[in-house]
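Quick notes on the structure that follows.
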Protein chains: 2
Amino acid sequence: MIYLDHAAATPVSKKVFEASGPYFLEEFFNPSSPYLPAKKVSKEYEEAKNVIARAIGAKGSDLVITAGATEANNLAMAGVSGGVLYLTTEHDSVRRVAEQYGGEAIKVLPSGLIDMEDLRGKITDETELISVSLVNNEIGVIQPIAEIGALVREVRMDRLRRGVKRQILLHSDASQALNLLDVNVARLGVDLLTLNAAKVYGPKGVGALYVSHEVRLNPLTVGGGQENGLRSGTENVPGVIGFAKAVSLAKEHLNGNRKKYAEFKKVFLDELQGYELPVKKHMLDNFVVLCYNGIDAERLVFLLEEKGVYVATGAACAASKGVRSHVLAAIGLTDSEIAGSLRISFGETNTKEQIIEAARIINEVVRAERERVAHE
Amino acid sequence: MIYLDHAAATPVSKKVFEASGPYFLEEFFNPSSPYLPAKKVSKEYEEAKNVIARAIGAKGSDLVITAGATEANNLAMAGVSGGVLYLTTEHDSVRRVAEQYGGEAIKVLPSGLIDMEDLRGKITDETELISVSLVNNEIGVIQPIAEIGALVREVRMDRLRRGVKRQILLHSDASQALNLLDVNVARLGVDLLTLNAAKVYGPKGVGALYVSHEVRLNPLTVGGGQENGLRSGTENVPGVIGFAKAVSLAKEHLNGNRKKYAEFKKVFLDELQGYELPVKKHMLDNFVVLCYNGIDAERLVFLLEEKGVYVATGAACAASKGVRSHVLAAIGLTDSEIAGSLRISFGETNTKEQIIEAARIINEVVRAERERVAHE
């Protein structure tokens with residue numbers, strides 16, 4: 001099996017599983033309970049939050065632990081009254097929330113990068129929040145968040161000067177980023193940042209929203225008042241312990257992984273024999289988008305699976321509903337190109353040999369499929 | 001260690017941990033992905049939901065998986081526009097939500113049971129939702145949900161006759177119930193029911209809301225459209241697999257556990273030498289409330305812990321904030337009685353010998369503390 005869909009799901013790494021194990025079985029106490037073993041668990045939970053937070057240059061108290069990136073993205077906007085701008089290529093968990101607040105989409109360039117001119121033109125005194133993911137989940141394009149952050153600071157200063165009281169916040173979904181980017185909230189200039197354990201070899205059902213001190217959010221769920229009142233419910237201790245381990249491992253292997261995936265990408269494209277990529281630059285090294293115009297990518301997924309290669313046609317949750325990728329449409333691909341597009345995402349389950357073998361199999365399957373279509 | 005706080009947290013049972021393990025490590029695929037291994041995971045996830053649902057007489061498609069009981073309780077009310085009635089002894093995750101909708105509290109009798117007359121008197125044509133937990137989390141009192149369900153049906157028929165269009169729904173938080181009660185949504189007559197994996201030896205961070213076909217809810221989080229659009233986010237596969245296993249085990253051992261905990265309670269109270277309980281009847285057999293008037297229960301928790309016995313003064317999340325138990329106040333205990341109250345909850349970590357030993361230690365500690373207070 002050659003699994004090339006790490007953008008959809010990553011396995012929990014052995015070390016993460018081992019780290020969280022005791023918190024299921026022995027250290028199971030409710031962190032709010034009054035006796036020492038529970039207080040110890042509470043302390044370890046907070047320390048795990050610190051580990052996650054430090055990896056992005058923040059403090060544990062800046063994080064609200066959620067059930068994943070979707071909840072974090074929903075929570076990020078739970079304080080605004082309107083005036084949301086979002087990148088048109090965002091994941092549904094940003095788009096659908098933004099739409100609830102009458103959000104307006106910002107264009108992307110054919111490179112997949114944000115159209116900064118379009119953004120500048122759309123910011124008004126009503127704008128309260130801008131949401132742009134750090135790395136796009138379908139095409140792996142890395143957005144210039146620091147540049148957007150600088151623009152937001154400019155707007156903030158200008159509002160201050162003119163006595164406009166409305167806040168303007170920058171939110172970024174960094175779900176896909178931690179494996180290969182050194183994410184730092186201050187350098188990025190974000191007020192809100194989404195993290196997702198399940199994309200960095202941590203457990204499913206755990207995520208976090210970084211919330212800068214100045215931001216006031218409304219909770220999505222109320223109750224026992226956990227997470228500083230922003231997200232009630234008994235803490236998912238094993239999940240957060242695992243999340244912290246996963247983030248530590250990502251941080252530890254960051255440079256090694258960058259080199260590894262850069263090499264994977266090079267040998268993969270070399271083997272694909274002069275194949276022309278629709279998205280080339282500003283991409284995370286573990287993403288490749290292949291576009292076979294005139295071929296049905298859903299058939300390719302099926303044919304490749306028969307040969308033990310697992311790839312995607314786009315975001316898993318969108319693909320399962322059979323809708324055309326709004327991301328590929330936004331970067332200007334035709335319907336026929338979109339229908340022939342595959343998303344490849346390398347990860348820890350892969351070896352260099354697998355990558356070469358996968359490219360060989362893709363070449364072979366595409367060639368056969370082209371012939372079949374030609375003779376139809 | 002004698003742990004007597006299973007109402008606050010239960011350890012994950014070994015069998016649950018073993019059942020979910022492979023879904024962290026090998027069966028890690030995104031259930032929305034298009035290839036067969038992912039479709040297999042998706043099928044197993046749906047089957048796990050069916051197992052949980054069947055345990056309460058429902059179908060998997062009636063369940064919305066959440067991050068726990070708190071989210072389920074919040075979601076249960078996410079469709080109403082007002083007119084919420086809730087039992088005054090409810091957990092904060094019901095009370096705080098109900099308050100957001102201008103909820104009105106229903107009284108309890110000194111027995112801890114709902115005051116049905118008060119409920120009848122408070123139902124108006126504006127009432128949209130009534131929320132009463134099946135088992136109270138502090139005193140273990142089992143509420144007559146089926147009787148409330150019958151009343152709700154009467155109100156519904158009456159509204160139908162009179163052409164009043166407003167819906168009336170019954171919600172019950174059954175978090176504490178599954179270990180010892182045979183819960184069935186039709187028999188109870190509930191439209192919405194909350195379940196919690198972490199109280200039945202399943203993992204933390206997983207719960208479910210049963211939603212009857214006729215009920216239309218508004219999602220708390222939007223995005224990829226999972227859980228029939230009612231709760232977006234990649235499915236927590238290992239969590240739900242574990243939850244299903246935990247529910248199966250609870251069901252399997254229901255009768256055995258009832259006998260076991262009834263015996264535990266008997267030997268415990270025998271050993272406590274004629275101790276008079278503030279709440280006696282209609283209680284789940286694994287709950288005991290001890291009330292030592294004139295003694296500081298928080299000190300007792302500390303002294304008992306020194307002797308290896310772990311008990312609570314009330315709900316963990318309320319106790320951690322140092323607030324007086326609203327539940328014990330509602331059943332008519334004085335401030336001094338409340339300050340001297342302990343919650344004991346037996347569970348799978350206990351043996352009969354432990355229970356006798358714990359009662360002996362409690363007697364001893366209380367006696368010493370009474371003497372200390374008398375000589376102060």
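The values are calculated or read from the model by the stated rules, or taken from the named source; none is laboratory data. In this text the structure is predicted, and so the values were computed from the model without any measurement. Because the Cβ atoms are built from the backbone with ideal geometry, glycine has one as well, and the counts that use them run over all protein chains shown.
Okay, here's what the table says:
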read-out: Extreme residue, modelled with the lowest pLDDT, among residues of region B:264-284 that are under 13 Å from B:ILE344 (Cβ atoms) and more than 21 Å from the chain's Cα centre (by Cα); value: B:TYR275
read-out: Output for region A:77-105, where each listed residue is in contact with a Gly (Cβ under 9 Å, 6 or more places away or on another chain) and of a type in the set (S, T, N, Q); value: A:THR89, A:SER93
read-out: Selection from region B:155-174 of residues that are more than 27 Å from A:LEU25 (Cα to Cα) and either assigned to a loop (DSSP other than H, G, I, E, B) or touching a Phe, Trp or Tyr at 6+ places or on another chain (Cβ under 6 Å) (or both); value: B:GLY163, B:VAL164, B:LYS165, B:ARG166, B:GLN167, B:ILE168
read-out: Flag if A:LYS245 is farther than 23 Å from A:ASN74 by Cα and within 14 Å of another protein chain (Cβ to nearest Cβ); value: yes
read-out: In region B:28-37, the residues that are facing chain A (nearest Cβ under 7 Å) and within 20 Å of B:GLU227 (Cβ to Cβ); value: B:PHE28, B:PHE29, B:ASN30, B:SER32, B:SER33, B:PRO34
read-out: Close pairs from region A:146-169: first more than 19 Å from A:VAL183 (Cα to Cα), partner assigned to a helix (DSSP H, G or I) and modelled with pLDDT of 95 or more, Cβ under 6 Å, at least 6 apart; value: A:ILE168/A:VAL152; A:ILE168/A:VAL155; A:ILE168/A:ARG156
read-out: So B:TYR86, is it more than 10 Å from chain A (Cβ to nearest Cβ), out of contact with any helix residue (DSSP H, G or I) (no Cβ under 9 Å at 6 or more places or on another chain) and either hydrophobic (A, V, I, L, M, F, W, C) or farther than 30 Å from A:THR10 by Cα (or both); value: no
read-out: Leading residue by the ranking (surrounded by the most Cβ atoms within 10 Å (Cβ to Cβ)) among those in region A:8-27 that are in contact with a Leu (Cβ under 8 Å, 6 or more places away or on another chain), at the interface with chain B (Cβ under 7 Å from one of its Cβ atoms) and part of a loop (DSSP other than H, G, I, E, B); value: A:VAL12
read-out: Sole residue being among the hydroxyl-bearing types (Ser, Thr, Tyr), touching an Asp or Glu at 6+ places or on another chain (Cβ under 9 Å) and touching a residue at least 60 places away in the same chain (Cβ under 8 Å), chosen from B:SER248, B:SER175, B:SER212; value: B:SER212
read-out: Yes/no for B:LYS259 being more than 20 Å from B:LEU195 (Cβ to Cβ), free of Cβ contacts under 8 Å to residues at least 12 places away in the same chain and basic (Lys, Arg); value: yes
read-out: Check on A:GLY322, buried (at least 23 other Cβ atoms within 10 Å of the Cβ) and either of a type in the set (Phe, Trp, Tyr) or modelled with pLDDT under 95 (or both); value: no
read-out: Test for A:GLY242: is it within 30 Å of B:ALA9 (Cβ to Cβ), without any contact (Cβ under 8 Å) to a residue 40 or more places away in the chain and assigned by TED's automatic domain parsing to the domain that holds A:THR66; value: no
read-out: Per-region count, region A:175-220, residues touching a Ser or Thr at 6+ places or on another chain (Cβ under 6 Å), away from every other protein chain (no Cβ under 14 Å) and not in a loop (DSSP other than H, G, I, E, B); value: 1
read-out: Lone unmet requirement of (1) in a helix (DSSP H, G or I); (2) loosely packed, with under 13 Cβ neighbours inside 10 Å; (3) not β-branched (Val, Ile, Thr) for A:GLU376; value: (1)
read-out: Any hit, region A:56-66, residues being farther than 26 Å from A:GLU214 by Cβ and in the same structural domain as A:VAL222 (by TED's automatic domain parsing); value: no
read-out: Answer residue from region B:181-214, given it is under 18 Å from B:PRO144 (Cβ atoms) and among the charged types (D, E, K, R) and is surrounded by the most Cβ atoms within 10 Å (Cβ to Cβ) among those; value: B:ASP191
read-out: Criterion violated by A:ASN228 - all others in (1) closer than 15 Å to A:TYR45 by Cα; (2) buried (at least 20 other Cβ atoms within 10 Å of the Cβ) satisfied; value: (2)
read-out: Qualifying residue in region A:220-243 (condition: under 17 Å from the mean Cα position of the chain (by Cα) and under 30 Å from B:PRO22 (Cβ atoms)); value: yes
read-out: Qualifying strands (runs of 3 or more DSSP E) (wholly inside region B:28-142; at least 2 residues being surrounded by fewer than 20 Cβ atoms within 10 Å (Cβ to Cβ)); value: B:104-106
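Conditions tested, residue by residue: (1) more than 14 Å from chain B (Cβ to nearest Cβ); (2) within 21 Å of A:PRO110 (Cα to Cα).
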site: A:LEU269; (1), (2): yes, yes
site: A:ASP296; (1), (2): no, no
site: A:ARG299; (1), (2): no, no
site: A:LEU303; (1), (2): no, no
site: A:VAL309; (1), (2): no, no
site: A:LEU328; (1), (2): yes, yes
site: A:GLY340; (1), (2): yes, yes
site: A:GLN354; (1), (2): yes, no
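Yes or no, residue by residue, for (1) without any contact (Cβ under 8 Å) to a residue 60 or more places away in the chain; (2) more than 23 Å from A:GLU227 (Cβ to Cβ):
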{"position": "A:ASP62", "(1), (2)": "no, no"}
{"position": "A:ILE65", "(1), (2)": "no, no"}
{"position": "A:ALA69", "(1), (2)": "no, no"}
{"position": "A:GLY79", "(1), (2)": "no, no"}
{"position": "A:TYR86", "(1), (2)": "yes, yes"}
{"position": "A:THR89", "(1), (2)": "no, yes"}
{"position": "A:GLN100", "(1), (2)": "yes, no"}
